[in-house]
Amino acid sequence: MSQTCVLKGMTWSDPRGYDPLVAASAAFQKRHPSVTITWDKRSLQGFESTPVEELAQAYDLMIIDHPHVGDVVADGCLLPIDTHAAPAALARLAAETVGKSYHSYFYAGHQWALPVDAACQVQAIRPDLRPAPAARLAEVMREAQDGRVLWPLRPPHVLMSFFTLIANTGSAFPVTRDLPLDRGAAKRILDVMQALADLVDPACHGMDPIAALDALAEGDRFALIPLTYLYAPYAKNGYRPHMIAYHDIPAEGMSGPLGSALGGTGLAVSARTKHPEICTEFALWVASAEVQRGLYTANNGQPGNAVAWADQQVNTPVGNAYHQTRMSHEAAWLRPRHKGYMGFQEEASHILLDALTGKTTQDAALDALQTRFSESFDA
């Protein structure tokens, strides 16, 4: 490409979301001197709630959350990656994905983003205060009785914990409108969540994973977060006052650490970009094993490529965080992705918070969850 090309990207403001893309863009420019990529950023809350359509009007490249893909397809705001990427390149990335990360961006016959960051709910501990993780949720309850547990409950994370726990017991939340919620399983999980919510600091209701991890890394009061999204840089020496270690989720069911609600992010291309080929090339390059195990992780990135997750040089600086949470990620549960889901996610989070804080009954909350979920397919 001889002509000057200036691309704009949008990501989220945590170092994990911003730093590796800036570093990758600088390295990409050395490969393509005529291409400049600049990145804007927004808060985690803004990242989770801003419609992709709004971003696609202003940016060539975007970091997106996979539950947005139903809206993306309906609104036609993203470029199907597979229309400009070689099938062999996509097949390779699909084979190198962590769990369902690659598949989470495949919808209605097309690939709408490439996984550059893999995450799900995992367990975080302070190894200086608790040397071993909790294998069962009952162990978490005992720690909570001693005031040593944090649990991020700010929307949408209260819903993510509900999704994780109900899937872990073998009765995953439905992903189609015609399949009803397992009422008995949901009631048992709400009982468990209520018991834990009654034991943790009320400040948890306003915490997202970053706030909870910051609190865990400070002082000597808290020892464990049973369910929080993986933020690998917290496991680095010197990133915060105290190092955090990550492990698979504590089980409530009998099949181990399965069912964790999948998170992570994907790199997508706007349907309105004037440079679809170079944007696609950049996305493929950033998602590649070479970049993911190298400059991406070296710049606070959390890779989505399984080759990077298995690399000991990637694991060592973060206390084997990827090795120690791999099973939770491989067995993670994929959220619904239909158009209308994102509105349900916000509503459902507040319904659950109202139940846990006594503003509504559990039965009323479950009725509302079922009704709102069915209605979300008509959005």
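Numerical summary
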| read-out | value |
| --- | --- |
| Which numbered condition L369 fails, given (1) surrounded by 19 or more Cβ atoms within 10 Å (Cβ to Cβ); (2) more than 27 Å from P51 (Cβ to Cβ); (3) outside the structural domain of L93 (by TED's automatic domain parsing); (4) over 19 Å from the mean Cα position of the chain (by Cα) | (2) |
| One residue from R326, R372, R293 being closer than 24 Å to A185 by Cβ and among the basic types (K, R) | R372 |
| Filter pass, A212 being more than 30 Å from K339 (Cα to Cα), under 22 Å from the mean Cα position of the chain (by Cα) and assigned to a helix (DSSP H, G or I) | yes |
| Residue within the range 227-240 that is of a type in the set (S, T, N, Q) and either in the same structural domain as P15 (by TED's automatic domain parsing) or within 16 Å of N320 (Cα to Cα) (or both) present | yes |
| Flag for A251 being in contact with a Lys or Arg (Cβ under 7 Å, 6 or more places away or on another chain) and either closer than 30 Å to W285 by Cβ or aromatic (F, W, Y) (or both) | no |
| Those residues of the range 117-143 which are within 23 Å of the chain's Cα centre (by Cα), surrounded by fewer than 21 Cβ atoms within 10 Å (Cβ to Cβ) and part of a loop (DSSP other than H, G, I, E, B), in sequence order | A135 |
| Selection from the range 320-332 of residues that are in a loop (DSSP other than H, G, I, E, B) and buried (at least 19 other Cβ atoms within 10 Å of the Cβ) | A331, A332 |
| Any chance Y229 is among the aromatic types (F, W, Y), touching a Gly at 6+ places or on another chain (Cβ under 6 Å), touching a residue at least 60 places away in the same chain (Cβ under 8 Å) and surrounded by 15 or more Cβ atoms within 10 Å (Cβ to Cβ) | yes |
| Any hit, the range 175-196, residues being under 25 Å from Y322 (Cβ atoms) and either at pLDDT 95 or above or in contact with a strand residue (DSSP E or B) (Cβ under 9 Å, 6 or more places away or on another chain) (or both) | no |
| Any chance M193 is surrounded by fewer than 24 Cβ atoms within 10 Å (Cβ to Cβ), part of a loop (DSSP other than H, G, I, E, B) and of a type in the set (A, V, I, L, M) | no |
| First in the range 290-319 and farther than 16 Å from P15 by Cα and surrounded by 23 or more Cβ atoms within 10 Å (Cβ to Cβ), second anywhere and of a type in the set (D, E, K, R) and modelled with pLDDT under 95, Cβ under 7 Å, 6 or more apart | none |
| Residue in the range 118-146 that is nearest to I244 (Cα to Cα), counting only those that are in contact (Cβ under 8 Å) with a residue 40 or more places away in the chain and of a type in the set (K, R) | R126 |
| Enumerated strands (runs of 3 or more DSSP E) restricted to the range 1-111, each holding at least 3 residues that are closer than 19 Å to P276 by Cβ and within 18 Å of the chain's Cα centre (by Cα) | 61-64 |
| Residue within the range 144-152 that is surrounded by 15 or more Cβ atoms within 10 Å (Cβ to Cβ) and either in contact with a Gly (Cβ under 6 Å, 6 or more places away or on another chain) or in a helix (DSSP H, G or I) (or both) present | yes |
| Whichever residue in the range 104-116 is of a type outside the set (A, V, I, L, M) and out of contact with any Phe, Trp or Tyr (no Cβ under 9 Å at 6 or more places or on another chain) and, among such residues, is surrounded by the fewest Cβ atoms within 10 Å (Cβ to Cβ) | G109 |
| Any hit, the range 344-364, residues being surrounded by fewer than 17 Cβ atoms within 10 Å (Cβ to Cβ), small (G, A, S), in the same structural domain as D65 (by TED's automatic domain parsing) and not in a loop (DSSP other than H, G, I, E, B) | no |
| Some residue of the range 127-142 being modelled with pLDDT of 95 or more, in contact with a helix residue (DSSP H, G or I) (Cβ under 8 Å, 6 or more places away or on another chain), closer than 29 Å to Q370 by Cβ and among the charged types (D, E, K, R) | no |
| Some residue of the range 278-299 being farther than 30 Å from G219 by Cβ and in the same structural domain as R188 (by TED's automatic domain parsing) | no |
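The values are calculated or read from the model by the stated rules, or taken from the named source; none is laboratory data. These numbers were taken from a predicted model, which means no experiment stands behind them. So basically every Cβ, Gly included, is an ideal-geometry build from the backbone, and we count neighbours across all protein chains shown.
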